[in-house]
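The values are calculated or read from the model by the stated rules, or taken from the named source; none is laboratory data. This one's a predicted model, so the numbers in the text were calculated from it and none came from an experiment. When we count neighbours, we look across all protein chains shown, and the Cβ atoms used for this are built from the backbone with ideal geometry, even at glycine. The protein model used for the area step is the full one, side chains on, heavy atoms only, and it has no ligands, DNA or RNA in it. Shrake-Rupley method; radii C 1.70, N 1.55, O 1.52, S 1.80 Å.
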Amino acid sequence: MEQYEPDRLSPARPAAVRRSLRGGRASLTRRSLLRASTGGALALGGLGTLSACGIPAAKNTAGVSSEDHSAKEKRISFSNWTEYMDVDDSEKRHPTLDAFAARTGIKVKYTEDINDNVEFFGKLKPQLAAGQDTGRDLICVTDWLAARLIRFGWVQKLDPSNLPHAYSNLSQQFRTPDWDPGRAYSYPWTGISTVIAYNKKALDGVEVTSLSDMLDNPKLKGRIGFLSEMRDSMGMTLLDLGKDPAKFTDDDFDAAIARLQKAVDKGQIRRFTGNDYTADLTKGDLAACVAWAGDVVQLKADSPDVDFVIPDSGYLTSTDNLLVPNKARHKSNAERLIDYYYEPGPAAQLAAYINYVCPVDGVKAELAKIDKSAADNPLIIPDAAMAAKSHAFRSLSTKEETAYEAKFAKLTGA
């Protein structure tokens, strides 16, 4: 486990946070999930403030828990993102949580108090660093933050005996992230895919099947968009260059930066955006762009001109993940809830509502009973061919994070 040490702020890190907070990875309307998805951003209002607050650096305390009170206290405290759970027609109740409580007798205190990873970490850091109970039994955070929490020893190792459905039904593409091989500490809530979206009318017959088509065709000059999230845009560019985002070198990263810089210099790229690319794409101001699949699912439903393509080189997938913090009072109850959402029925109900990639194998038939179009949508239920093209952006060291964010900030003008 990595010893926690406060990071110093490089000039690029606050810029990375500002980019994310202006328009981080988010979906539309009901699923407006603002995420700051740069690991280095933890330093702003996060890791870097621990010493200033007089909070001692945490020790390597992996798996630290108080006595598990699950047997006597039939409850769980679960913190999640806003609009990341199924609701009934009145939007006052969560049917899957109600069904879990009815089956198990375990009451779930469900709180939508995560607006972005950096802000949420700021809520937890004093207790985590001091080895205290956070008041939460289950949290849902994006993969880079999950990796940090695991490295610092601030979350508990899960008990496989409480997770039979999760162990059996977790999709193969999510089983071995480099930051938690074998999913000893975490299970994905959803997958978040980065693809190419386009407006058929705006393309006017131009074919776009790869990033190279977007970056090199002069007919699309000034009508191409990339994301302001470093991992998404750089990961897709690395793939286009034939490099694996899970194994790239400094030289590979520099080559990808140079590739995008050339497109910026000649005016091919209109701008780097957060979620606000959706309006430009729908109107046709953007002919094609790097996009998040959760947005594309909804845009396609509202606009017949919007569609997507998976490049032959592949696409990027990140995850939001369920973890049990150290000192949680109801670990076994939390594990039972994780396992419940890996049963096909509850997993299908959740996927039908949130429209992100479902990480549960065997859910398609159940989802088809609720929403056949969702079950047939590869952005929600990837088929084997699509899953095989999925890639993850590797974990970064603090040194790499600082250097890469600085280079990306210079590229985007942040």
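Remarks
- Residue ID - farthest from the chain's Cα centre (by Cα), chosen from residues in the stretch 259-279 that are outside any helix (DSSP H, G or I) and surrounded by 15 or more Cβ atoms within 10 Å (Cβ to Cβ): Gln268
- Filter result (more than 18 Å from Leu260 (Cα to Cα) and modelled with pLDDT under 90) within the stretch 400-414: Glu401, Thr402
- Check on Asp383, within 16 Å of Val297 (Cβ to Cβ) and either without any contact (Cβ under 8 Å) to a residue 60 or more places away in the chain or more than 18 Å from the chain's Cα centre (by Cα) (or both): yes
- From the options Asp133, Asp88, residue that is in contact with a helix residue (DSSP H, G or I) (Cβ under 7 Å, 6 or more places away or on another chain) and open to solvent by 60 Å² or more (accessible area, probe 1.4 Å): Asp133
- Ala351 open to solvent by 30 Å² or more (accessible area, probe 1.4 Å) and not assigned by the TED database to the domain that holds Met214: no
- Number of residues in the stretch 298-317 that are part of a loop (DSSP other than H, G, I, E, B) and either without any contact (Cβ under 8 Å) to a residue 40 or more places away in the chain or more than 23 Å from the chain's Cα centre (by Cα) (or both) equals 3.
- Restricting the first member to the stretch 128-141 and to residues that are closer than 8 Å to Ser79 by Cα, and the second to residues that are among the β-branched types (Val, Ile, Thr) and open to solvent by 10 Å² or more (accessible area, probe 1.4 Å), the beta-carbon pairs closer than 9 Å and six or more apart or on different chains are Arg136/Thr111; Leu138/Val108.
- Test for Ala99: is it open to solvent by less than 30 Å² (accessible area, probe 1.4 Å) and not in a loop (DSSP other than H, G, I, E, B): no
Condition check ((1) more than 18 Å from the chain's Cα centre (by Cα); (2) open to solvent by 10 Å² or more (accessible area, probe 1.4 Å); (3) not acidic (Asp, Glu)) across all residues:
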site	(1), (2), (3)
Ile106	yes, no, yes
Phe121	no, no, yes
Val141	no, no, yes
Val155	yes, no, yes
Leu158	yes, yes, yes
Gln173	no, yes, yes
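- Residues that are within 23 Å of Asp68 (Cβ to Cβ) number at least 3 in the following helices (runs of 4 or more DSSP H) confined to the stretch 318-384: 331-340.
- Candidates in the stretch 205-258 are the residues that are in a helix (DSSP H, G or I) and among the hydroxyl-bearing types (Ser, Thr, Tyr); of these, the one that is most open to solvent (accessible area, probe 1.4 Å) is Ser212.
- Restricting the stretch 280-297 to residues that are assigned to a helix (DSSP H, G or I) and among the acidic types (Asp, Glu), the residue that is least open to solvent (accessible area, probe 1.4 Å): Asp295
- Residue in the stretch 404-413 that is at negative phi, open to solvent by 20 Å² or more (accessible area, probe 1.4 Å) and part of a loop (DSSP other than H, G, I, E, B) present: no
- Identity of the residue in the stretch 386-403, in contact (Cβ under 8 Å) with a residue 24 or more places away in the chain and part of a loop (DSSP other than H, G, I, E, B), that ends up surrounded by the fewest Cβ atoms within 10 Å (Cβ to Cβ): Arg394
- Some residue of the stretch 191-199 being open to solvent by 10 Å² or more (accessible area, probe 1.4 Å), modelled with pLDDT of 95 or more, assigned to a loop (DSSP other than H, G, I, E, B) and not basic (Lys, Arg): no
- Within the stretch 178-189, residues that are closer than 12 Å to Ser318 by Cα sit with their Cβ atoms under 7 Å from residues that are in a strand (DSSP E or B) and aliphatic (A, V, I, L, M), at 6+ positions apart or across chains, in these pairs: Trp189/Leu322.
- Residue within the stretch 111-124 that is touching a residue at least 60 places away in the same chain (Cβ under 8 Å) and among the small types (Gly, Ala, Ser) present: yes
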